[in-house]
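What follows is a single structure, written as structure tokens, with notes after it.
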Amino acid sequence: MRTLLLSASAPDSVHKASEIIRAGGLLAIPTETVYGLGANGMDGAAVRRIFEAKGRPQDNPLILHVAGPEQIWDLCSTVPAAAERLMEQFWPGPLTLILPVRDSVPKAVTAGLSTVGVRCPDCDITREVIRLAGVPIAAPSANRSGKPSPTTAAHVLHDMEGRIDAILDDGPCRVGVESTIVDLTGDRPRLLRPGGIGPERLREVLGDLIVDEAVTGILPADAVVRAPGMKYTHYSPQGTVIIVTGSGAAAARYILPRLGPRDRVLCFAEELALYPAEAASAYGAESEPETLARNLFAALRELDREDVETIYARCPEATGVGMAVANRLQKAAGFQIVKGEDAP
Ligand code: AMP
Ligand code: MG
């Protein structure tokens, strides 16, 4: 299969993209979070192709992308008041809601769960494609399973060339990490995955929010988890990732004596001067967690190309979107975290 590149600025791209969806094909879609690997969310056979193209385990459900809140009534059997408040406040935007699913949604989307994830992306062209196709687009991130999520069309092409029908290129993603996921089907709202919208902003609207254990710790392979994707290795570059905590100086005291010729430091811009220039790269400023989120996955992919052995990574404070950055880095590191060294 030849993978077609559609530019968002080309006049007929929305039409061509929606035709691919209607025909049961695979289309990589731009969103504000990361690029998604989309198919007609109401067509079980089309959705199963997503799993094949990604090499994704069948028990890891997909998110249905809609053009607006009105579309969720066909997909969800109940929509609590909390969901309406969140949609009003944050849609279109990087927030996925877990709600009870209707029978009309194919089992391949939900991995057989009684719930479904729905989201309205803050990306005009993708909402137009959904509207024109007339169906929700089921889409996980458009990377090969286990690899960092793609934030540019070039990343998608690298992972998916020859495996999907087309990529709709709308430039680099603005948020850079996947959506925040909130489960509204239990007694209390539950954060299943931190993302572009931090827990503080959700609490302002919801009053209450519990953070699932999957967000903070590694889970055993046989765990029954509410966000099934959370149990798999994720965001993993080829090299081993080790997170080093503490002040910039304390981290440098730990890292520098251990730094081999094929090791690299992924740090904050404020800390670059602490390391040899060829060994360190910054993925943004510690004072700007939004920038860290936008650049994280591209930085991990870049280190992969350099065939790096060990990546010593610096991780921001887990508040706001920093919580998502910390969570993705912890997963990339398989929760390998060491403490920086105090001054002697
Ligand atoms: P991805 O976009 O690749 O991060 O994949 C979508 C993720 O959404 C999955 O890995 C799950 O963690 C989550 N998800 C989708 N549907 C559900 C659901 N019904 N219940 C819980 N989590 C879900
Ligand atoms: Mg993913």
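In this Cβ point-charge picture (+1 for Lys and Arg, -1 for Asp and Glu), segment 1-110 has a dipole of about 420 debye about its Cα centre.
Cross-link partners of residue 339 among lysines, defined as those whose alpha carbon lies under 30 angstrom from its own and excluding same-chain residues fewer than eight positions apart: 147, 231, 331.
Taking the alpha carbon gyration tensor of the chain, multiplying each eigenvalue by 5 and rooting it gives semi-axes of 34, 23, 17 Å, largest first. Each residue of segment 92-98 is assigned a 3J(HN,Hα), and the resulting list reads x, x, x, 10, 9, 9, 9 Hz, derived from the Karplus form 6.51 cos²θ - 1.76 cosθ + 1.60 (θ = phi - 60°), x at Gly and Pro.
Cut-off 10 angstrom, C-alpha nodes, Gaussian network model of the chain. Which of 214, 293, 139 fluctuates the most? In the Gaussian network model the winner is 214. Using the empirical formula 2.2 N^0.38 Å as the baseline, the Cα radius of gyration of segment 20-108 reaches a ratio of 1.12. Straight-line reach from residue 107: taking Cα to Cα under 16 Å and skipping same-chain neighbours fewer than 8 places apart, the aspartates and glutamates in range are 43, 52, 59, 74. For segment 229-344, the equivalent ellipsoid derived from the Cα gyration tensor has semi-axes of 19, 17, 14 Å, listed largest first. Going from the residue with the fewest nearby Cβ atoms within 10 Å to the one with the most, 337, 243, 137 rank 337, 243, 137.
Computed from backbone phi with θ = phi - 60° and the Karplus coefficients 6.51, -1.76 and 1.60, the 3J(HN,Hα) list for segment 137-145 is 9, 7, 7, x, 5, 8, 9, 5, 3 Hz; x is used for glycine and proline.
Placing unit charges on the Cβ atoms only, positive for Lys and Arg and negative for Asp and Glu, gives the chain a dipole magnitude near 740 debye about its Cα centre. Placing unit charges on the Cβ atoms of the charged side chains and taking the dipole of the chain about its Cα centre, the candidate lying farthest along the positive direction among 23, 312, 272 is 23.
Sorting 5-13, 311-319 by average packing, meaning the other beta carbons within 10 Å per residue, from highest down gives 311-319, 5-13.
With neighbour counts taken as other beta-carbon atoms within 10 Å, the residues 335, 51 rank, fewest first, as 335, 51. Pairwise Cα distances in segment 89-164 exceed 18 Å in 55 percent of cases.
None of the figures in this text is laboratory data; all of them are computed from the coordinates on show. Just so you know, these numbers come straight off a predicted model, no measurement behind them. Heads up, the Cβs are rebuilt from the backbone with ideal geometry, glycines too, and the neighbour counts pull from every protein chain shown.
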